[in-house]
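Participant: Pasting in a structure now, in structure tokens, and then I'll have a few things to ask.
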Amino acid sequence: MVLHCGSYRLALQRPLIMGVVNVTPDSFSDGGRYASQQDAVRHARALIAEGADILDIGGESTRPGAAAVSIDEERRRVLGVIKELAGCGVPISVDTRKPELMGEAIAAGASFINDISALEEPGALELIAQSTVAVCLMHKQGEPQNMQQSPHYDDVVQEVRSYLAARVDAAEGAGIARERIVIDPGFGFGKTYDHNLALVRALPLLATLGVPVLAGLSRKAMLGRITGRTAGERVHASVAAALFAAARGARILRVHDVLATREALAVWCALAGTMTISGK
Ligand code: HH2
């Protein structure tokens, strides 16, 4: 499997690491640490040195209860960072659900759109169809402001799978080649602890949709529930979750702790003898 991502071709024989750069004052695990352009770019370069295969730049926290951010503010946070990082050797993703900003980010050098709304906003499908970027279509139930209040599913795995299948069809129907599409069950986005567990165990079933699956478990609340640790203390838990997701077929791991994940993956791949990855 090869992901087409602007001018990049990403082989997915081994799981790729997407390093998170939150240019926000309020993200759940690292809010405020990289809120200035200078700090965000410095952090992004450090993640590349640690072995990130893709960088995901976000200007809006989507943690449960987060307030929406205006386009002007989101633009101010991410565009300069993307411009500075374009050409840094790894694809730059932008984590946004605003079509207008998607277009501006692509013009600034982004080659991957990470959309927690799965291109449902008016104009988003058409905009991405006219580009060559890769796109991540994520499932969520509700909106960040209210999504954790009372998530409900009759069958979470089947409902998430059907939704993602429909969004892949919509994307292909709009003219987005399959080689550019990634799907994500959206851990923590309108899901209880039990919903998240069911979905992580069902990753192989999601992978049968035939496009790469991205897993974003890093530092999330479910790991805090298991370990009793705060978000910043969930590195070991996150690495275990990333390895489990990779073993269940996730092809892209969205993580805050790139070096720890990379080294753990390198050991796992070497022991398994099926894939190769080097530590840093
Ligand atoms: N999780 C977060 C944000 N964006 N995108 C995808 N595709 N999948 C995810 O699981 C996902 C995501 C939340 O994590 P983070 O960006 O660290 O926090 P915040 O939303 O508070 O900025």
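The values are calculated or read from the model by the stated rules, or taken from the named source; none is laboratory data. The model shown is predicted, which means the values in this text are computed figures rather than measured ones. Here the Cβ positions follow ideal geometry from the backbone for every residue, glycine too, while neighbour counts run over all protein chains shown. Side chains are part of the model used for accessible areas, which takes the heavy atoms of the whole protein and leaves out ligands, DNA and RNA. Shrake-Rupley method; radii C 1.70, N 1.55, O 1.52, S 1.80 Å.
Participant: Here is a list: 90, 94. Which entry is at pLDDT 95 or above, within 16 Å of residue 114 (Cβ to Cβ), within 16 Å of the ligand (Cβ to nearest atom) and open to solvent by less than 50 Å² (accessible area, probe 1.4 Å)?
Facilitator: 94
Participant: Also: Quick one: would you say residue 74 is within 26 Å of residue 221 (Cβ to Cβ) and either within 10 Å of the ligand (Cβ to nearest atom) or surrounded by 21 or more Cβ atoms within 10 Å (Cβ to Cβ) (or both)?
Facilitator: Judged against the criteria, residue 74 is a match.
Participant: Next up: Out of everything in segment 43-57 that is assigned to a strand (DSSP E or B) and touching a helix residue (DSSP H, G or I) at 6+ places or on another chain (Cβ under 7 Å), what residue ends up being nearest to the ligand (Cβ to nearest atom)?
Facilitator: It comes out as 57.
Participant: Still on this model: Considering segment 152-171 alone, what residues qualify as being under 30 Å from residue 7 (Cβ atoms), within 16 Å of the ligand (Cβ to nearest atom) and open to solvent by 30 Å² or more (accessible area, probe 1.4 Å)?
Facilitator: Scanning segment 152-171 gives a single hit, 167.
Participant: How many residues are open to solvent by 30 Å² or more (accessible area, probe 1.4 Å) and not charged (D, E, K, R) when one looks only at segment 44-55?
Facilitator: Adding up the residues that qualify gives 3.
Participant: Return a yes/no flag: does segment 250-263 have any residue that is of a type in the set (A, V, I, L, M, F, W, C), modelled with pLDDT of 95 or more and over 22 Å from residue 134 (Cα atoms).
Facilitator: yes
Participant: Something else now. Being in contact with a Pro (Cβ under 8 Å, 6 or more places away or on another chain) and open to solvent by 50 Å² or more (accessible area, probe 1.4 Å) is the filter here; which residues of segment 222-250 pass it?
Facilitator: Passing the criteria: only 248.
Participant: Among what's in segment 13-31 and is assigned to a loop (DSSP other than H, G, I, E, B) and more than 11 Å from the ligand (Cβ to nearest atom), pick the residue that is least open to solvent (accessible area, probe 1.4 Å).
Facilitator: Here the answer is 15.
Participant: Turning to a different aspect of this structure: So residue 114 ticks every box in (1) crowded, with 23+ Cβ neighbours inside 10 Å; (2) over 16 Å from the mean Cα position of the chain (by Cα) but one. Which box is left unticked?
Facilitator: Every condition holds for residue 114 apart from (2).
Participant: Then there's this: Look through 105, 110, 166, 171 and report the one residue that is assigned to a loop (DSSP other than H, G, I, E, B) and hydrophobic (A, V, I, L, M, F, W, C).
Facilitator: 110
Every residue, every condition in (1) at pLDDT 95 or above; (2) within 13 Å of the ligand (Cβ to nearest atom); (3) part of a helix (DSSP H, G or I), yes or no:
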position	(1), (2), (3)
186	yes, yes, no
199	yes, yes, yes
209	yes, no, no
218	yes, yes, no
222	yes, yes, yes
237	yes, no, yes
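Participant: Could you check how many residues of segment 130-147 are closer than 26 Å to residue 253 by Cβ, modelled with pLDDT under 95 and open to solvent by 70 Å² or more (accessible area, probe 1.4 Å)?
Facilitator: 1
Participant: While we're looking at this one, here's another question. Are any residues in segment 251-273 open to solvent by 10 Å² or more (accessible area, probe 1.4 Å), within 21 Å of residue 183 (Cα to Cα) and either of a type in the set (Phe, Trp, Tyr) or in contact with a Pro (Cβ under 7 Å, 6 or more places away or on another chain) (or both), and if so, which ones?
Facilitator: Passing the criteria: only 251.
Participant: Pull up segment 172-184, narrow it to residues that are in contact with a strand residue (DSSP E or B) (Cβ under 8 Å, 6 or more places away or on another chain) and in contact (Cβ under 8 Å) with a residue 12 or more places away in the chain, then point me to the one that is nearest to the ligand (Cβ to nearest atom).
Facilitator: 184
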